[in-house]
Amino acid sequence: MALRTAMILALAFVYAGPARSEGDPSSADVWSGRRIAELAAQLKDDDYLRREDASRILAEAPAGVLPIVERLAQDAEDPEARQRLLAAARAIFRKRVAPSLPEWKKGRGFLGIRWTLIPDRPGVLVQDVIPGTAAEESGIQSGDIVLSASGHRFEKGMTHEEAMSIWRQMIAGDRMKLVLKKEDKDEPVEMAVTVKALPLEYQNEVVEIEKEEKLWTRYCEGRVQLPRELQGEASSEDRRNGFQSWPKILQAPSKPSQ
């Protein structure tokens, strides 16, 4: 615990970013390592209101603090503190990071098929192909059976929601690899389809929530990186190296006092 606290305090000399108005909880200049350590400790306070207050403040942190909050969540031993840190990380991503990502501006992807599950076999059956969509342009036809999409298989017995979770991974501009069984082919056919943006008539508030969830999943998997302009500026090579290497410092064993 002492090592972890020392590491976080050291971040006071590592994280820097563009200053905003004094007192603004999202201002980088108020997010010293000491401040982060204090808030992390407050998440385990006996007073519920103090825990709530710390959660609220952490959720307003600037984007450059996100990797720190994530790492603290991974390392937290207290279950409630871990959940609060994860919630804060998700809030920082939603408010500070997602709107700056190119994928966010592209919107949700749309293949352009109507489909149904097949009860007694793997895959989803294409019932209809919507004109003018990526599906039509790539040669997908009614009667085709989609066996997998971008490596995710449509398994036998899969529920509708489980199948939808695969399709929801699409973002406009994604190049999706499909494996299909066509009626006139003995062997499955592979094709790559660049999906288009979801038409306006299909968009609603739920779509925006799903889009943020997809980007958060990709970020956690390492497929989306924190934009450089949101990481904060370091005034020296030492600061940049320190910020990049601090998770390794956390893992290092503490040295005995001499």
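Readers should treat all values here as calculations from the given coordinates under stated rules, not as data from a laboratory. The structure displayed is predicted, hence computed values, not measured ones. Here the Cβ positions follow ideal geometry from the backbone for every residue, glycine too, while neighbour counts run over all protein chains shown.
Name the residues in the stretch 74-115 that are touching a strand residue (DSSP E or B) at 6+ places or on another chain (Cβ under 9 Å) and in a helix (DSSP H, G or I), would you? Write out each step before concluding.
The first filter runs over the stretch 74-115 and keeps only residues touching a strand residue (DSSP E or B) at 6+ places or on another chain (Cβ under 9 Å), leaving 103-104, 106-115.
Passing the criteria: Glu103, Trp104, Lys106.
Among the residues of the stretch 34-73 satisfying the criterion of being hydrophobic (A, V, I, L, M, F, W, C) and not in a helix (DSSP H, G or I), which is farthest from Ala89 (Cα to Cα)? Quick ask: steps written out before the conclusion?
Filtering the stretch 34-73 down to residues hydrophobic (A, V, I, L, M, F, W, C) leaves 36-37, 39-41, 43, 49, 54, 57-59, 61, 63, 65-66, 68-69, 72-73.
With not in a helix (DSSP H, G or I) added as a condition, the list becomes 43, 61.
Working: Leu43: 14, Ala61: 9 Å.
By that ranking, first place goes to Leu43.
Scan (1) out of contact with any helix residue (DSSP H, G or I) (no Cβ under 9 Å at 6 or more places or on another chain); (2) hydroxyl-bearing (Ser, Thr, Tyr); (3) closer than 22 Å to Lys214 by Cα for the single condition Tyr48 breaks and write down its number.
(3)
Could you pull out the residue among Gly132, Gly157, Gly109 that is farther than 11 Å from Leu180 by Cα and within 23 Å of the chain's Cα centre (by Cα)? Can you show your working first?
Numbers: Gly132 fails: within 23 Å of the chain's Cα centre (by Cα); Gly157 fails: within 23 Å of the chain's Cα centre (by Cα).
Step by step, each of Gly132, Gly157, Gly109 is checked, and only Gly109 is farther than 11 Å from Leu180 by Cα and within 23 Å of the chain's Cα centre (by Cα).
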